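The values are calculated or read from the model by the stated rules, or taken from the named source; none is laboratory data. Not measured: the values here are computed from a predicted model. Reconstructed Cβ throughout: ideal geometry from the backbone, glycine too, with neighbour counts over all protein chains shown.
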């Protein structure tokens with residue numbers, strides 16, 4: 001299939017596919033006239049790339065998943081390098097969640113304190 005068809009089937013743009021190609025994630029073959037040709041395997045790769053980007057992975061993080069698919073696996077997350085990236089990403093997310101919980105707790109404390117101080121001021125005014 002040509003780049004336009006792949007873009008349509010993958011729900012992306014030709015510009016995005018060229019960007020992925022520049023970063024070595026998508027590998028088209030070339031016709032004699034220079035047109036990019038993609039097989040069905042590239043559609044799977046593009047879906048994998050888009051799914052991983054959607055949950056916050058960077059292009060460098062995605063490389064092992066693409067390599068895993070290119071090695072003939074039915075999923076990009078089954079190879080050891082992909083598992084290592086998943087572990088690292090999960091650790092990052094857990095760190096962010098801990099930080100957000102700390103922020104939530106501080107905000108909650110400030111809100112409680114503000115309400116208490118307001119009620120005290122209101123009682124003094126009466």
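Of the helices (runs of 4 or more DSSP H) lying entirely inside segment 29-126, those carrying at least 3 residues that are more than 24 Å from residue 16 (Cβ to Cβ) are 80-125. Scanning segment 27-61 for residues that are under 20 Å from residue 9 (Cβ atoms), surrounded by 13 or more Cβ atoms within 10 Å (Cβ to Cβ) and out of contact with any strand residue (DSSP E or B) (no Cβ under 9 Å at 6 or more places or on another chain) yields a count of 13. If you go through segment 1-25 and pick out every residue that is in a loop (DSSP other than H, G, I, E, B) and out of contact with any strand residue (DSSP E or B) (no Cβ under 9 Å at 6 or more places or on another chain), you end up with 6. When segment 63-78 is filtered for residues that are over 17 Å from residue 24 (Cα atoms) and either surrounded by 12 or more Cβ atoms within 10 Å (Cβ to Cβ) or within 13 Å of the chain's Cα centre (by Cα) (or both), the ones remaining, listed by number, are 73, 75, 77, 78.
Only one entry of 100, 123 meets the criterion of being surrounded by 10 or more Cβ atoms within 10 Å (Cβ to Cβ) and either at pLDDT 95 or above or out of contact with any strand residue (DSSP E or B) (no Cβ under 9 Å at 6 or more places or on another chain) (or both), and that entry is 100.
Checked against the criterion of being farther than 19 Å from residue 7 by Cα, within 20 Å of the chain's Cα centre (by Cα) and modelled with pLDDT of 95 or more, the candidates 105, 60, 81 yield just one match: 81.
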